Amino acid sequence: MKISAFHLMPHRELPDDFEQRYPSVWVTPPWHELADADRVGQYYNWTLDELLYAARLGFDGVCTNEHHQNAYGFMPSPNLMGSVLARGTQGSNVAIVQMGATLPTSNPPIRVAEEYAMLDCISGGRLVAGLPLGSPMDVNYCYGITPMEHRERYREAVALTKKAWTSRELFAWNGRYFQLANVNLWPRPIQQPHPPIWIPGSGSISTFDFAVDNEACYCFLSYSGAKAARSMMQRYWDVVTKKGREANPYRAGFLQLVVVGETDADAEKKYARHVEYFYHKCLHWPVAYGSPPGNQDYRSLEAAVANPVRRVEDTKQLRYRDFVEKGYVIGGSPATVRDRLKQEVVKDLRVGNLMVLLQIGSMPHELALENIDLFARTVLPELRGHWDDEGWVNDWWPATLRAKAAPAALVAGGA
């Protein structure tokens with residue numbers, strides 16, 4: 001299986017009383033009260049160093065993502081970060097996993113197709129092309145896309161992007177939301193017919209159908225952990241079977257928060273306050289922001305009401321041990337983390353593409369490097385061989401990297 005290092009790039013130094021003083025970490029947090037551009041520049045460089053360190057330690061991929069007007073994770077242009085990572089990992093077997101540039105906020109969306117083609121060329125054909133719908137906070141509240149149009153715009157944009165990558169001739173596009181007289185992409189990606197596509201989701205059942213119909217890897221991005229995701233992922237696999245596709249575990253990706261210590265107690269001592277910072281401050285926003293009227297399609301809304309998947313408990317009332325016990329975070333000694341990841345995520349969810357979030361909340365740079373290092377040395381090697389004996393092919397990974405593990409020998413002096 002493939003294991004990638006995911007990064008949100010959060011604000012690591014929000015005030016202790018942030019969630020009491022401010023209504024939300026997203027859309028409305030006042031920059032001039034909370035942030036400093038010089039310090040934020042340091043965050044960006046720490047983020048890049050942490051991801052490059054993960055690449056050198058043998059992770060299969062490094063992941064960036066896009067968000068806007070928030071302190072929870074502020075990479076407004078993941079492709080700027082991806083270009084640094086593509087160049088910085090030149091000559092390695094590390095995939096550049098863009099999770100990714102949000103299509104509905106790009107007008108026209110062929111801008112994303114062009115930039116992804118650039119990244120594929122710079123990296124030598126190592127791009128994984130995440131094509132996210134985007135959160136309502138980003139797309140509706142920050143970038144002004146009407147909620148009712150959000151999903152239709154996205155699906156048209158995906159179709160246009162795929163055609164732009166694969167068409168051998170100049171063509172015109174006359175869609176409902178995008179009209180282009182001339183589409184003739186320069187450059188084109190190295191990978192043909194196009195880089196592998198991953199489609200992130202967070203519980204919308206219509207996304208299951210869309211991912212399978214587009215032969216994309218469905219990636220569940222959640223902070224509630226694998227236990228809460230079990231029934232939802234089973235519904236995804238039911239759709240795969242219903243549509244006559246093989247239950248190849250590489251059709252599924254999953255994001256899991258992970259902290260590793262020398263012992264369970266050591267992990268709690270080192271990481272507890274940073275995990276609590278993440279859930280109490282970084283996920284602090286009104287419920288209405290997550291689902292404005294009209295954003296969710298009817299099928300998904302109906303299914304959510306009939307079979308709720310997400311936990312409704314107030315995470316601000318929980319502490320580190322609660323998050324670990326409930327599976328929001330998998331934390332502890334190397335043995336504890338290995339065993340729980342293997343059972344709760346890999347086996348129970350049938351996941352072949354695992355993303356791990358190892359810099360969490362306020363975690364300082366040195367501690368993030370320690371967590372990345374411990375995971376790479378003591379956990380990652382025990383996970384990588386899973387699914388090998390079943391003979392599945394990971395068609396959702398760059399073809400030149402499918403049989404190759406990222407070489408840990410590149411570490412030398414570390415980050």
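The values are calculated or read from the model by the stated rules, or taken from the named source; none is laboratory data. Keep in mind it's a predicted model, so treat the numbers as computed, not measured. Please note: Cβ atoms are built from the backbone with ideal geometry, for glycine as well, and neighbour counts cover all protein chains shown.
Give me the residue from segment 280-300 that is free of Cβ contacts under 8 Å to residues at least 60 places away in the same chain and of a type in the set (A, V, I, L, M) and, out of that set, nearest to Leu257 (Cα to Cα).
Applying the filter and picking the extreme gives Val287.
Scanning segment 360-385 for residues that are modelled with pLDDT of 95 or more and assigned to a loop (DSSP other than H, G, I, E, B), we see that the one that is farthest from Leu14 (Cα to Cα) is Val379. Selection of helices (runs of 4 or more DSSP H) fully inside segment 4-58 by the criterion of at least 3 residues being out of contact with any Asp or Glu (no Cβ under 7 Å at 6 or more places or on another chain) and either among the charged types (D, E, K, R) or closer than 25 Å to Met99 by Cβ (or both) returns 37-56.
Yes/no matrix, rows are residues, columns are (1) assigned to a helix (DSSP H, G or I); (2) modelled with pLDDT under 95; (3) surrounded by fewer than 21 Cβ atoms within 10 Å (Cβ to Cβ):
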{"site": "Tyr250", "(1), (2), (3)": "yes, no, no"}
{"site": "Leu257", "(1), (2), (3)": "no, no, no"}
{"site": "Asp266", "(1), (2), (3)": "yes, no, yes"}
{"site": "Val309", "(1), (2), (3)": "no, yes, yes"}
{"site": "Asp322", "(1), (2), (3)": "yes, no, yes"}
{"site": "Ile330", "(1), (2), (3)": "no, no, no"}
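Evaluated against (1) closer than 27 Å to Val345 by Cβ; (2) not in a helix (DSSP H, G or I), Arg176 falls short on exactly one condition, (1). Being under 19 Å from Gly327 (Cβ atoms) and modelled with pLDDT of 95 or more, is that true of even one residue in segment 388-400? Scanning segment 388-400 turns up no residue that is under 19 Å from Gly327 (Cβ atoms) and modelled with pLDDT of 95 or more. For segment 341-398, give me each residue that is on the phi > 0 side of the Ramachandran plot and either β-branched (Val, Ile, Thr) or free of Cβ contacts under 8 Å to residues at least 24 places away in the same chain (or both). Selection gives Gly391 alone. Residues that are of a type in the set (D, E, K, R) and in contact with a helix residue (DSSP H, G or I) (Cβ under 8 Å, 6 or more places away or on another chain) were ranked within segment 115-142; the one that is farthest from Gly82 (Cα to Cα) is Asp138. Pairs linking a residue in segment 229-244 that is touching a residue at least 40 places away in the same chain (Cβ under 8 Å) to a residue that is of a type in the set (D, E, K, R) and assigned to a helix (DSSP H, G or I), with Cβ atoms under 9 Å and 6 or more positions apart or on different chains, are Ala229/Asp348; Arg230/Glu344; Arg230/Asp348; Met233/Asp348; Trp237/Arg251. When every residue of segment 346-360 is checked against the conditions, none turns out to be surrounded by fewer than 21 Cβ atoms within 10 Å (Cβ to Cβ) and farther than 19 Å from Gly253 by Cβ. If only residues of segment 275-302 that are among the aliphatic types (A, V, I, L, M) and surrounded by fewer than 20 Cβ atoms within 10 Å (Cβ to Cβ) are counted, the one that is modelled with the lowest pLDDT is Leu301.
Can you name the residue in segment 133-164 that is in contact (Cβ under 8 Å) with a residue 24 or more places away in the chain and part of a loop (DSSP other than H, G, I, E, B) and, of all such residues, is surrounded by the fewest Cβ atoms within 10 Å (Cβ to Cβ)? Among residues in segment 133-164 that are in contact (Cβ under 8 Å) with a residue 24 or more places away in the chain and part of a loop (DSSP other than H, G, I, E, B), the one surrounded by the fewest Cβ atoms within 10 Å (Cβ to Cβ) is Thr146.
Pull up segment 165-210, narrow it to residues that are surrounded by 17 or more Cβ atoms within 10 Å (Cβ to Cβ) and more than 26 Å from the chain's Cα centre (by Cα), then point me to the one that is nearest to Tyr116 (Cα to Cα). Applying the filter and picking the extreme gives Leu185. On inspection, Gly82 does not qualify as at pLDDT below 95 and either touching a strand residue (DSSP E or B) at 6+ places or on another chain (Cβ under 6 Å) or assigned to a helix (DSSP H, G or I) (or both). The lone criterion from (1) of a type in the set (Asp, Glu); (2) part of a helix (DSSP H, G or I); (3) in contact (Cβ under 8 Å) with a residue 40 or more places away in the chain left unmet by Glu66 is number (2). Being farther than 23 Å from Pro76 by Cα and assigned to a helix (DSSP H, G or I), is that true of even one residue in segment 183-205? Scanning segment 183-205 turns up at least one residue that is farther than 23 Å from Pro76 by Cα and assigned to a helix (DSSP H, G or I).
Every test in (1) out of contact with any Lys or Arg (no Cβ under 7 Å at 6 or more places or on another chain); (2) surrounded by fewer than 24 Cβ atoms within 10 Å (Cβ to Cβ) is passed by Ile122 save one, and that test is (1).
Residues in segment 241-248 include at least one that is in a helix (DSSP H, G or I) and modelled with pLDDT of 95 or more.
The condition of being out of contact with any helix residue (DSSP H, G or I) (no Cβ under 8 Å at 6 or more places or on another chain) and under 24 Å from Leu133 (Cα atoms) holds for only one of Gln256, Gln234, that being Gln234.
For segment 92-114, a residue qualifies if it is more than 18 Å from Phe59 (Cα to Cα) and touching a helix residue (DSSP H, G or I) at 6+ places or on another chain (Cβ under 7 Å), and the qualifying residues are Gly100, Ala101, Thr102, Leu103, Pro104, Thr105, Ser106, Pro109, Ile110, Val112, Ala113.
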